[in-house]
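Chemist: To start, I am sharing the structure in question, which I have written as structure tokens.
Derivation of every value follows stated rules applied to the coordinates shown; laboratory data play no part. Fair warning: this is a prediction, and the values are worked out from it, not measured in the lab.
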Amino acid sequence: MADTKPEANADDAAFWSLTDKFIGFANEQAANNDVGVVNASLLFASARFNTFLIANQCGTKENFEAEKAAALEYFVNQYKIALTEHMADYQAKFDTYIKSA
């Protein structure tokens, strides 16, 4: 996968390091597994961790129930923004990122 991250500053270093590690792990898994299965697994894991994050931040079941709709909207919107940006990048650089056989 191509490196498309902007210049990182000290505050962003951990974010970009983790992002690179997650993508690297997914790419390693795609070498020996169906890429669709790897993708589904990554999406499932992200959803599971997002849910843990919200539940942990809420602290109580009642707070979790009160916040889950707003959290769902937030995560769906963030994913849509990221996916839209990456699709635009791939559209612009398709021949660079995807090598024809």
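Chemist: What percent do you get for the relative contact order of the chain when only Cα pairs under 8 Å and 6+ apart count?
Modeler: About 21 percent, as a whole number.
Chemist: What do you get for Rg/Rh over region 23-62 if you use C-alpha atoms and the Kirkwood form of Rh?
Modeler: The Rg/Rh ratio comes out at 1.21.
Chemist: Would you kindly calculate the translational diffusion coefficient of the chain, applying Stokes-Einstein with the Kirkwood radius from alpha carbon pairs, for 10 °C and a viscosity of 1.306 mPa s, and quote it in µm² s⁻¹ without decimals?
Modeler: 99 µm²/s
Chemist: Through the Karplus equation 6.51 cos²θ - 1.76 cosθ + 1.60, θ set to phi - 60°, convert the phi angles of region 47-58 into ³J(HN,Hα) values in whole Hz; use x for Gly and Pro.
Modeler: Per-residue couplings from phi come out as 4, 5, 5, 4, 5, 4, 4, 5, 4, 5, 5, 6 Hz.
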